[in-house]
Every structure is written in structure tokens, then in C-alpha cells.
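**Student:** Okay, here's the structure, questions in a sec.
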Protein chains: 2
Amino acid sequence: MIILVAYDISDPGRRDRAAKLLQSMGLSRLQRSLYAGRGGAAKARDIARALERILDSETDVADILVLPDHAWSRRIEVGNGRARVPGRARPPGVHIA
Amino acid sequence: MIILVAYDISDPGRRDRAAKLLQSMGLSRLQRSLYAGRGGAAKARDIARALERILDSETDVADILVLPDHAWSRRIEVGNGRARVPGRARPPGVHIA
């Protein structure tokens, strides 16, 4: 299974803390506010509880999903965004450009 | 099935066009650069081709996934982000805060 975390955080400090948290929990950065990594429902709940301590629940939001591997491997990537996310993880998936 | 689109687009004009495109294709806005809506692989490919005409493939990126309904309905939402995404679609899912 793959855990996908997307967040929308207004404050740069909180954003930075969320990014460090997700990387420390083994997720790779796909986009500036999109992370993915191996894991299931229990790990997703751990991530949610940890993010809850960082986010301002009124202004910030994070969506955490647990995907079957096939949903992940069939993912379509448009553009590559290397310029924006140097070292962007390039997990399996269909690459259009 | 649910289509999830996350994008990271540097230019405000392109970002705006991508947002309008996704809404015109029936997706709802979850976060500033995260959209979701009903649909399968064929619609996902249509979205990818349409986004490809908007994005700068070097600086921008979009990830498009097709999720089974259960992956979507078990999604965990931390915070509600209403302040950032007024009218944030509130599809089914576990809401923590």
C-alpha cells in the first residue's frame, strides 16, 4: 500500500515542520506539498496525529490517503517539475512528458 | 472510482487555467492545488492530455491518480482549511479536526 499526503499550509514555519515530519516518517516529496511513501492505515493514522500537532486546524488542511499499489503504479505524471522539486522522487507510474 | 489531481504550477496564469480546466471537467477543489471528482482511467487520460497543453513540462508537474472508492472514503482529513479554500468540497472521509 502507498500513503499519499497532500497539505495546504499557510505559514512557512508550519509548512517546513510538516515537510520534515513526513520525510522523517519515510515519505518522499513528489511536489512541494505532496508526499508519498509505503505504508498502511495504521501509519496513516500516526501521520494524521503527528500533523494535527503542527497544523492550524482552521487555516491549514492535510488529506491523507492509503492507496493500493496498482492505483499508484498507474498514476499519470504530466510534466516533471524537476525544476521546482529538485530530487523529486520518481516512483513508478506513467510519465507523459 | 475517484480521480485525484495534484499539481504544482509556478505561473499564476497557468495555475488559474489548470484550476478552471479541472472544474470544467467536473472535479471539486479540495485544496488550492488538489482536486477530486468521479471518474476512471479514460477520464484521467483526458485530463492528462488537457493539462499537458497548459503546463510547462520543465517547471510544472501534475500527478493524476484513479482511486477505488474505499481508498477515498477512508481518507483522513486533518484541519479543515475552510479559511484557505472557501467552499472546500467536503466529500466523504474521516474528519479529525
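Please treat every number below as a calculation from the coordinates, not as lab data. Since this is a predicted model, take the numbers as computed values, not measurements. Cβ coordinates were reconstructed from backbone atoms using ideal geometry, including for glycine residues, and neighbour counts include every protein chain displayed.
**Student:** Need the list of lysines near A:Lys20 for cross-linking: C-alpha distance under 30 angstrom, and skip anything on the same chain fewer than eight residues off.
**Tutor:** Straight-distance partners of A:Lys20: A:Lys43.
**Student:** Using a label point 7 Å beyond Cα on the Cα-Cβ vector, give me the inter-copy distances for B:Lys20 in nanometres, one decimal, shortest first.
**Tutor:** 4.1
**Student:** Residue-wise, which Karplus ³J(HN,Hα) couplings in Hz belong to the stretch A:6-11, taking 6.51 cos²θ - 1.76 cosθ + 1.60, θ = phi - 60°, and x for glycine or proline?
**Tutor:** Going residue by residue, I get 10, 9, 9, 10, 6, 8 Hz, with x marking Gly and Pro.
**Student:** Okay, moving on. In nanometres, what is the gap between the two model label sites at A:Ser10 and B:Ala50, each 7 Å from Cα along Cα-to-Cβ?
**Tutor:** 3.0 nm
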